[in-house]
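Bear in mind these aren't lab numbers, they're just calculated from the coordinates by the rules spelled out. Bear in mind that the values here come from a model prediction, so they are computed numbers and not experimental data. No Cβ is skipped: glycine too gets one built from the backbone with ideal geometry, and neighbour counts run over all protein chains shown.
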Amino acid sequence: MNRPQPMETKTAFVAIVGCPNVGKSSLLNRMLGQKVAIVSAKPQTTRTRIMGVLTKDETQLVFTDTPGYHRPKNKLGEKMVKAVIDGIDGVDAALLVVEPEKEGEEVLRPAEEELLKKIKREGIPCVLVINKIDTVAEKEQLAVRIAELMQLHDFAAIVPTSAVKGEGVSEVIDELSALSQESPHFFPDDALTDQPERVIAAEIIREKMLRLLDREVPHGIAVSIERMHEREDGSGIVDIDATIYCEKESHKGIVIGKKGAMLKKISTYAREDMEKFFDCHINLQCWVKVKEGWRDREGLIHNFGLD
């Protein structure tokens, strides 16, 4: 009797790179079919490298979602830029995400040109994703954009997508799967991310602040999970204590809001998302403290897990 031969497993490590707010995290979440990276309309939402894992049949794609590549203004910004460059080193493929409309006369922004130069130097196969095609009114405009981008580099593929609507996402996965190499899988086949639960909980809280607060306030905020513990009474409830750190006393008042209304709204929305992700009941308690200038203090950046 002939026994079926085991499948040859394949793996590809993929760095997702691009400028701030082009939809890298949204694309990662859509490919995984599960939210592992926070998303907001504000730029520089992602601060550290976030790993996502997608296993489909014999192929495992291990994604690194990097912060948006930008000119740093403080030590935290420098750490974020370093995370992008480090994220490109040693991967099997790069996923460069751009928008459908160009700025000015140049085909790519200066930061995107720098990223493409780095990819070329490393000799990494690159899939170019033109995201947000749902915002393009004239399809001829998109065709012109694709033609211009084709002249810049011998991309493994150019795929127009809408991460919000899911258009083109399966094609991106297929193109990256074609770049995978025979290799054992590095993560369990049901794994979604390498992020510890405390990091995910902190990021969910930060996402709600990015969405609810004024533009400048959330970027001066860090979240630390002080306690995350399942009750021993068999109720299945997980108690989470979180401290929100602001750079300014005035920001603390904004986060708390009148009679605590804003902090309550942040906590409620965060708890709802946590319960969906962790699939259990959550008791979330949040406190707000001030750590002036923490984005320029190496010790605090390290303590918040952002280096």
Compare the peptides 10-23, 244-257 by average per-residue count of other Cβ atoms within 10 angstrom and give them in order, highest first. 10-23, 244-257
Computed for segment 126-234: size of charge dipole around the Cα centre, +1 on C-beta of each Lys and Arg, -1 on C-beta of each Asp and Glu, debye to nearest 20, value 520 debye
Size of the dipole of segment 114-162 about the Cα centre, Lys and Arg at +1 and Asp and Glu at -1 on the beta carbon, nothing else charged, in debye to 20? 200 debye
For the pairs Lys208/Lys289; Lys10/Lys276; Lys56/Lys117; Lys165/Lys265, note any where the Cα-Cα span goes beyond 29 Å. Lys10/Lys276; Lys56/Lys117
Estimated dipole of segment 197-303 in Debye, rounded to 20 [Cβ of Lys and Arg +1, of Asp and Glu -1, Cα centre]: 580 debye
